[in-house]
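Enquirer: I am attaching a structure below and will ask some questions about it afterwards.
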Amino acid sequence: MREIVLDTETTGLDPFSGDKIVEIGCVELINHVPTGVTYQKYLNPQRSMSEEVIAVHGLTEEFLSDKPIFEEIADDFLEFIGSDSILVIHNAPFDMKFLNCELAAVGRPEIPMARVCDTLVMARQKYPGSQVNLNALCKRFDIDLSAREKHGALLDSELLAEVYLELLGGREPSLVLKKEKKSQETKLEVKKVIDFPYRSWDVSEEDIKQHIDFVEKIKNNLWQV
């Protein structure tokens, strides 16, 4: 089973008022295990942003000015997420609203909500009445937040992947998500084999005679019927 943990950063809150995506970040999971494969794109929104928005994600208009527009990466993005991978998103309606608005604007098919697993809904069901934003969940599960000085789509996807696995029942002890792509090689752990000394099970003639005498005393035994 392939899952894509996904997050976006935007110029504001409403794509129908002209707000755009400025970053997409994705983390691939296969059977709930991170593969080390990620997808990240910064995008030129071709519009201005407020200082309040820039303070959230730190992406300035100057930084984004030479980045591709969404139309230029739309096909690559759709190819990465595939046609049937489950999309794991925190507060999914927000990100899906932006993604589908951007896709519709460039004539690409929208992504159905049926493909989405919303971790915000999962967390509210599991911890009713508690704070369930990404920061609060990371603290609950003792996930390192030291790198999250500002919001970032790829970083938040990596953190969300760990939160998601905790919501499912707990991470593997060796699970560590890193930004760099991991080696595709699989390392096998070789365990030491303990050699037990050979033991002899020789049977004496007296043992055989006693066994025969015992069997002859058994009446109506199955093997002689």
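Enquirer: I need every pair where a residue in the stretch 143-171 that is more than 27 Å from PRO128 (Cβ to Cβ) and modelled with pLDDT under 95 has its Cβ under 8 Å from the Cβ of a residue that is crowded, with 21+ Cβ neighbours inside 10 Å and among the charged types (D, E, K, R), sequence separation at least 6 or different chains.
Expert: Correct list of pairs: GLY152/GLU9; GLY152/GLU23; ALA153/ASP7; ALA153/GLU9; ALA153/GLU23; LEU154/ASP7; LEU154/GLU23.
Enquirer: If LEU99 passes every condition in (1) in a loop (DSSP other than H, G, I, E, B); (2) hydrophobic (A, V, I, L, M, F, W, C); (3) closer than 24 Å to PRO34 by Cβ but one, which one does it miss?
Expert: That leaves (1) as the condition not met.
Enquirer: While we're here: For the structure I just gave you, tell me whether LEU103 is of a type outside the set (S, T, N, Q) and crowded, with 20+ Cβ neighbours inside 10 Å. So that I can check it myself, show each step before the final result.
Expert: Details: of a type outside the set (S, T, N, Q): yes; crowded, with 20+ Cβ neighbours inside 10 Å: no.
Judged against the criteria, LEU103 is not a match.
Enquirer: Which one of these is closer than 20 Å to GLU162 by Cα, exposed (fewer than 14 other Cβ atoms within 10 Å of the Cβ) and out of contact with any His (no Cβ under 7 Å at 6 or more places or on another chain): ILE86, ILE30, ILE81, ILE24? Break it down into steps so the answer makes sense when it comes.
Expert: Details: ILE86 fails: exposed (fewer than 14 other Cβ atoms within 10 Å of the Cβ); ILE81 fails: exposed (fewer than 14 other Cβ atoms within 10 Å of the Cβ); ILE24 fails: exposed (fewer than 14 other Cβ atoms within 10 Å of the Cβ).
None of the others qualify; the one that does is ILE30.
Enquirer: Within the group ALA104, ALA123, which residue is at pLDDT 95 or above, closer than 18 Å to HIS32 by Cβ and part of a helix (DSSP H, G or I)? Steps first, please.
Expert: Numbers: ALA104 fails: closer than 18 Å to HIS32 by Cβ.
Exactly one of ALA104, ALA123 is at pLDDT 95 or above, closer than 18 Å to HIS32 by Cβ and part of a helix (DSSP H, G or I), namely ALA123.
Enquirer: Quick one: is GLU3 surrounded by 12 or more Cβ atoms within 10 Å (Cβ to Cβ) and acidic (Asp, Glu)?
Expert: Numbers: surrounded by 12 or more Cβ atoms within 10 Å (Cβ to Cβ): yes; acidic (Asp, Glu): yes.
Answer is yes for this residue.
The values are calculated or read from the model by the stated rules, or taken from the named source; none is laboratory data. All values reported here derive from a predicted model rather than from experimental measurement. Note that we place each Cβ from the backbone using ideal geometry, even for glycine, and neighbour counts take in every protein chain shown.
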